[in-house]
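I have a structure I would like to understand better, so I am pasting it below and will then ask my questions one at a time.
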Amino acid sequence: MSAGRTLFFIALGLFGLYAVEFGVVGILPAIIARYDISVAQAGWLVGLFALIVAAGGPFMVLWLSRLDRRKVLAGSLLVFSLCSLLSAWAPNFATLMALRVPSALLHPVFFAVAFAAAVSLYRPERAAHATAMAFVGTSMGLVLGVPLTTWVQARVSYEASFLFCAAVNLAAAIALWVMLPAAPKTKTASYGSQLAILRKPAVWLAVAMTVCVFGAMFSVYSYAAEYLARETGLNGEAISVLLVVFGVGGVLGNLLAGRWLGRNRTRTVLLYPVVLAAAYGVLLVFGSASLAVLLPVCLLWGAAHTSGLIVSQVWLTSAAPEAPEFATSLYISAANLGVVFGSTLGGAFITSAGMPAALWSGWLFTVLAVAFVILKIRLRATSI
């Protein structure tokens with residue numbers, strides 16, 4: 001089987017995973033009406049999921065990383081599919097919440113193993129390309145998961161929105177079981193050797209950089225629709241178009257960042273926070289009621305924002321090549337922590353100084369990210 005075709009289904013699985021995680025956002029009104037709950041209660045469908053991912057990720061990956069990759073990937077996707085199927089007819093909200101737990105526990109496992117499998121399909125010098133292509137699935141899931149499930153719910157039915165997620169994950173599970181080559185027989189890393197990466201200062205500096213990158217990203221993105229509405233005065237339809245353009249920019253940004261990482265990883269990682277900060281500057285200066293002006297602005301913003309996923313992931317896993325799955329689980333936890341910090345600080349800045357102050361929160365995190373990258377570079381130079 002071709003590596004490209006197998007990589008497509010890895011990306012499809014990542015799309016399905018993020019459709020499961022965030023797809024409920026688009027159908028929250030239907031969930032609220034169906035189970036007669038408050039908005040705050042419904043919000044826990046995403047909040048609890050993220051909390052479980054952040055807290056349990058490294059432990060789940062450490063536990064399951066010794067199993068065959070094909071079984072882990074296909075098995076995780078089957079669990080995502082089954083939980084989505086059962087969610088379509090959950091008799092009450094408590095059951096719906098409970099059905100989110102298995103998917104949340106396996107989220108970091110699938111994510112970590114999927115990227116390790118994607119990289120294994122290519123020669124070492126094309127690892128960044130493989131990572132970038134896999135991130136296309138993640139980007140599409142983050143950008144299109146919500147509108148697609150919302151559209152299916154509106155056009156077909158509430159149940160169909162969950163069946164859509166179930167079908168995507170089932171298709172990816174079957175394809176990967178058939179197409180993914182068996183992992184070569186190698187000595188499995190012990191738990192101790194994987195945990196040993198926690199003793200490396202470079203790993204913790206990369207974790208800190210990842211937290212700051214996601215803090216910078218979500219200081220602003222968490223309030224993207226509200227920012228565009230308040231600062232430009234555009235209506236909801238125009239803003240939805242801008243967010244789709246943002247998503248297109250994100251996919252292109254990931255592919256471009258993957259190419260640059262393959263050429264010069266250190267320089268790309270060092271320049272990334274600067275590019276994101278510049279994108280926020282463009283948003284501040286050129287944000288207006290003109291849709292024509294905002295289209296390229298949001299394309300640039302999306303490219304700068306979403307490429308942070310692959311940049312921080314490659315930077316962290318490169319600090320611990322001896323335990324790629326466990327390092328990726330640390331990346332997932334750090335990313336979720338950064339989302340919490342970024343959205344919280346961004347909200348605090350907005351409350352104290354108005355909507356544009358979210359950009360200052362983003363700029364603060366970009367400065368910190370650059371500092372942690374420089375510290376890691378200096379650490380590597382002094383250890384040679």
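The values are calculated or read from the model by the stated rules, or taken from the named source; none is laboratory data. All figures in this text were calculated on a predicted structure; none of them were measured in a lab. Please note: Cβ atoms are built from the backbone with ideal geometry, for glycine as well, and neighbour counts cover all protein chains shown. Surface areas here come from the heavy atoms of the whole protein model, side chains and all, with no ligands, DNA or RNA. Shrake-Rupley method; radii C 1.70, N 1.55, O 1.52, S 1.80 Å.
Limited to the range 221-239, what total is found for residues that are part of a helix (DSSP H, G or I), more than 26 Å from V370 (Cα to Cα) and free of Cβ contacts under 8 Å to residues at least 60 places away in the same chain?
6
Being open to solvent by less than 30 Å² (accessible area, probe 1.4 Å) and within 18 Å of I374 (Cα to Cα) is the filter here, so list the residues in the range 244-268 that pass it.
Correct list: L261, T268.
Residues being assigned to a helix (DSSP H, G or I) and open to solvent by 10 Å² or more (accessible area, probe 1.4 Å): count how many of those fall in the range 88-106.
So the answer is 11.
Conditions (1) modelled with pLDDT under 85; (2) in contact with an Asp or Glu (Cβ under 8 Å, 6 or more places away or on another chain); (3) under 18 Å from A335 (Cβ atoms); (4) charged (D, E, K, R), marked per residue:
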residue: A208; (1), (2), (3), (4): no, no, yes, no
residue: A225; (1), (2), (3), (4): yes, no, no, no
residue: T232; (1), (2), (3), (4): yes, no, no, no
residue: G253; (1), (2), (3), (4): no, no, yes, no
residue: G262; (1), (2), (3), (4): yes, yes, no, no
residue: A279; (1), (2), (3), (4): no, no, no, no
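Something else now. Does A277 satisfy the condition of being under 26 Å from V241 (Cβ atoms), crowded, with 19+ Cβ neighbours inside 10 Å and touching a Phe, Trp or Tyr at 6+ places or on another chain (Cβ under 6 Å)?
yes
Yes/no matrix, rows are residues, columns are (1) among the small types (G, A, S); (2) in contact (Cβ under 8 Å) with a residue 60 or more places away in the chain:
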residue	(1), (2)
P324	no, yes
S329	yes, yes
I332	no, yes
G338	yes, yes
F341	no, yes
G354	yes, no
W363	no, yes
F372	no, yes
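Among the numbered criteria (1) assigned to a helix (DSSP H, G or I); (2) closer than 30 Å to L195 by Cβ, which single criterion is violated by E322?
Condition not satisfied by E322: (1).
Looking at S288, S318 in this structure, which one is hydroxyl-bearing (S, T, Y), within 30 Å of G233 (Cβ to Cβ) and out of contact with any Cys (no Cβ under 9 Å at 6 or more places or on another chain)?
Selected residue: S288, the only one of S288, S318 that is hydroxyl-bearing (S, T, Y), within 30 Å of G233 (Cβ to Cβ) and out of contact with any Cys (no Cβ under 9 Å at 6 or more places or on another chain).
Select, from F49, F8, the only residue that is touching a Lys or Arg at 6+ places or on another chain (Cβ under 7 Å), at pLDDT below 85 and either in a loop (DSSP other than H, G, I, E, B) or crowded, with 17+ Cβ neighbours inside 10 Å (or both).
On inspection, the qualifying residue turns out to be F49.
A quick yes/no check of all residues on (1) in the same structural domain as A117 (by the TED database); (2) open to solvent by 30 Å² or more (accessible area, probe 1.4 Å); (3) in a helix (DSSP H, G or I):
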{"site": "L295", "(1), (2), (3)": "no, yes, yes"}
{"site": "V314", "(1), (2), (3)": "no, no, yes"}
{"site": "T328", "(1), (2), (3)": "no, no, yes"}
{"site": "F341", "(1), (2), (3)": "no, yes, yes"}
{"site": "M355", "(1), (2), (3)": "no, no, no"}
{"site": "F365", "(1), (2), (3)": "no, no, yes"}
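Can I ask one more? Given the conditions (1) in the same structural domain as A358 (by the TED database); (2) at pLDDT 75 or above; (3) surrounded by fewer than 16 Cβ atoms within 10 Å (Cβ to Cβ), which single one is not true for E237?
It is condition (2) that E237 fails.
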